[in-house]
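Below: one structure, written as C-alpha cells.
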Amino acid sequence: MPNLDDMTWLDATALAELVRKREVSPLELVDAAIARIERLNPQLNAVVTPMFDEARAVAQSALPDGPFKGVPFLLKDLMAAYKGVRMTCGSRYLLNFVPDHDSELVTRYKRAGLVVVAKTNTPEFGIMPTTEPELFGPSRNPWDTSRTTGGSSGGSAAAVAAGFVPMAHANDGGGSIRIPASCCGLFGLKPTRARNPLGPDFGDMFSGLVADHAVTRSVRDSAALLDATSGPAPGDPYVAPPPARPFVDEVGVDPGRLRIGFTATAPNGAPIHPDCVAAMEDAASLCVDLGHEVEETPLTMINGKMLTEAFMTLWSAGNVWMAESLSYAIGRKYEPDELEPATQALLEMGRRRSAADYLISVQMLQVYSRRIAGLFEKYDVLLTPTLGEPPLPLGSFDSTPENPMQGMQRAVAFVPFTPIFNATGQPAMSVPLYWNGDGLPVGTHFVGRFGDEATLFRLASQLEAARPWQGRRPPVSA
C-alpha cells in the first residue's frame, strides 16, 4: 500500500506519473482526496457539491489514457456543466438545476483522465472578487480563515492551497483566476481569449471577457492542462493563434533576455497597498537578477474612468444576459428573492444600458486593446501588482440595503489591474513570489502578448526555480 500522505503535496504531473507506473491506483488517489476534503472542508467551505460516489465509480472504470489519468480534480460551480450534477452558479435560483450534458471543457477534462471529485464554491454568478455567496456561505482562506479567498474562483483556490487536490478548474471574467491565486498563494494563468472553448452553450461570454482555465501549485501542471484542453471546437466564433509547440515544452526553457515594463500606478486611480507595491518591486528585482531588462512604464494610454465605465456596461449587461439565458435552461424566470441584492442591483444597471451603450463600450474596450497592444511592440511582458490590496477580511465586500452596489464599488480598488486584460484578451498570470509581514500571500501579475502564453510559461518556470513556492504550507492544510 503506498504512503498516500507522502503524495499529498505532489503536483498533478507527478501523481499521473505514479499512476502510469502502477505505484498508486486512481481509486487510492481519489479516496485520499475525499478524506482530505472531509477533514478540512468544514474549516474552509471550499467544496459545496461533493461527487464522491461518482468519483469512486469513475476511478474504477476504464479511464482514458490522458496526461492526467487518475488524478483527482475539482470543478468550479460556475458555467462548467457536468451532466447529472447540479450547477448552482452560487445562486438560490439555480439550486436544483441539473445540466443534461457536459460542457466541452468538462469533456476535455474527462478525456485527459481527470476524475472530478466535487464542485467548488463561487459567488453568485461569479460577480464579486470574493467568495461569499448567501447560498453556501463564505469560503475561508487557508492562510488566515478570517480573510477572503478572493473570487470568483475562491473555492477552487482555497482547496488547492490547502492540499485537497493539486489543481482545480477556474474561470476569469475580470480577474477571477488571478485574484484568488494571489490571495491563496497559487499560480493562476488566464489564457488568451478563445484558447479554451466555452461551448456548446456559449460562443463567447460578455463579448470575450471570460476565459476558463485553472489554479495550480506548479507551472508545469498549468501548461500541461492547457495543452489538454485548448484548441477550437466546431462552431466557435473565433480562435486563438495556435501555439508553436505544446505549452508544457516551454516549461524550463530559457526565456532569453526579456524586455519587461512595470507599473504600480492603477489607471483607475486606486491607491495601491504598500505590500502589493513591495511584491511587484521584489519581482522586478528578481527579474533583473535573472538577466531581464526591466523599466517603469506607466499606462498613460488608458483613461481609467472611461475604461471602468465601459467594462461595467459589459459586466452589468452580460449578467442580465446570463440570468435571462439561464431561465431558458431551467424553464422559468427567477423570482426576486432568489437573487442576492447586489446581483439584483447589477442586473438593474444592465437593464438601463441600451444596445447602443453596449456596442459603444465594446468599441471603447477594443480601442484600449489596440493601445495596449502597441505597448507590446516595445515590451515582451508587462509587470503589475495582481491586486490593489492583500487578502481583505471577510465581509469587506458586503453591501447595505441603502447601497446594494457598495460591494462592487469596493471591488474597484481591490482589482485595478486584472480586468484590463480581460478586455484586451491577452494572457496574464499571477505568480506567488511574496508573502507579507502577516504571512499572507501577495501575487505578482505578468501579462504577455496576445497568443503568447509560451513566453509567460518560460518566465514563470524560471521564477519558480529561482523562488520556489510549493514548499509553503498554509496553517489550514492537509
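So, in the stretch 103-121, exactly how many residues are more than 20 Å from Asp201 (Cα to Cα) and buried (at least 24 other Cβ atoms within 10 Å of the Cβ)? Residues that pass the stated criteria total 6. Among the residues of the stretch 289-312, the one identified as loosely packed, with under 13 Cβ neighbours inside 10 Å, modelled with pLDDT of 95 or more and part of a helix (DSSP H, G or I) is Asp289.
Going by what's in this entry, would Thr192 be described as touching a strand residue (DSSP E or B) at 6+ places or on another chain (Cβ under 9 Å), polar (S, T, N, Q) and over 21 Å from Asp452 (Cα atoms)? Talk me through it step by step, then tell me what you get.
Details: touching a strand residue (DSSP E or B) at 6+ places or on another chain (Cβ under 9 Å): yes; polar (S, T, N, Q): yes; over 21 Å from Asp452 (Cα atoms): no.
So Thr192 does not fit the description; no.
Scanning the stretch 363-410 for residues that are more than 29 Å from Arg193 (Cβ to Cβ), under 22 Å from the mean Cα position of the chain (by Cα) and not in a loop (DSSP other than H, G, I, E, B) returns a single hit, Pro393. Screening Leu63 against (1) in a helix (DSSP H, G or I); (2) closer than 28 Å to Met87 by Cβ leaves a single unmet condition, (1). Any chance you could count how many residues in the stretch 397-420 are over 30 Å from Ser369 (Cα atoms), crowded, with 17+ Cβ neighbours inside 10 Å and of a type in the set (S, T, N, Q)? Summing the residues that are over 30 Å from Ser369 (Cα atoms), crowded, with 17+ Cβ neighbours inside 10 Å and of a type in the set (S, T, N, Q) in the stretch 397-420 gives 1. With respect to being touching a strand residue (DSSP E or B) at 6+ places or on another chain (Cβ under 9 Å), among the aliphatic types (A, V, I, L, M), over 23 Å from Asp102 (Cβ atoms) and assigned to a helix (DSSP H, G or I), Ala223 fits the description. Count of the stretch 55-79 residues, restricted to those that are buried (at least 23 other Cβ atoms within 10 Å of the Cβ) and either at pLDDT below 95 or under 23 Å from Met128 (Cβ atoms) (or both), is 5. Among the residues of the stretch 443-478, those that are assigned to a loop (DSSP other than H, G, I, E, B) and among the aromatic types (Phe, Trp, Tyr) comprise Phe450, Trp469.
Can you work out which of the residues in the stretch 26-47 that are outside any helix (DSSP H, G or I) and in contact with a helix residue (DSSP H, G or I) (Cβ under 7 Å, 6 or more places away or on another chain) is surrounded by the most Cβ atoms within 10 Å (Cβ to Cβ)? Reasoning before the result, please.
Within the stretch 26-47, the subset outside any helix (DSSP H, G or I) is 45-47.
From the residues that got through so far, the ones that are in contact with a helix residue (DSSP H, G or I) (Cβ under 7 Å, 6 or more places away or on another chain) too are 46-47.
Numbers: Ala46: 30, Val47: 28.
Of everything passing the filter in the stretch 26-47, Ala46 is surrounded by the most Cβ atoms within 10 Å (Cβ to Cβ).
Can you pull out the residues in the stretch 318-353 that are touching a residue at least 60 places away in the same chain (Cβ under 8 Å), in a helix (DSSP H, G or I) and touching a Ser or Thr at 6+ places or on another chain (Cβ under 9 Å)? Gly318, Asn319, Ala323, Leu326, Glu338, Pro341, Ala342, Thr343, Ala345, Leu346 - these are the residues of the stretch 318-353 that are touching a residue at least 60 places away in the same chain (Cβ under 8 Å), in a helix (DSSP H, G or I) and touching a Ser or Thr at 6+ places or on another chain (Cβ under 9 Å).
Per the listing Arg111, Arg36, the residue uniquely charged (D, E, K, R), touching a Gly at 6+ places or on another chain (Cβ under 7 Å) and closer than 27 Å to Gly231 by Cβ is Arg111. All of (1) buried (at least 20 other Cβ atoms within 10 Å of the Cβ); (2) among the small types (Gly, Ala, Ser); (3) over 20 Å from Arg178 (Cβ atoms) hold for Ala423 with one exception: (3).
Every condition in (1) outside any loop (DSSP other than H, G, I, E, B); (2) free of Cβ contacts under 8 Å to residues at least 40 places away in the same chain is met by Gly203 except one, and the failing one is (1). Do we find that Ala413 is within 30 Å of Pro474 (Cβ to Cβ) and in a helix (DSSP H, G or I) in this structure? Yes: the conditions hold for Ala413.
The values are calculated or read from the model by the stated rules, or taken from the named source; none is laboratory data. Please read these numbers as outputs of a predicted model, since none were measured by experiment. No Cβ is skipped: glycine too gets one built from the backbone with ideal geometry, and neighbour counts run over all protein chains shown.
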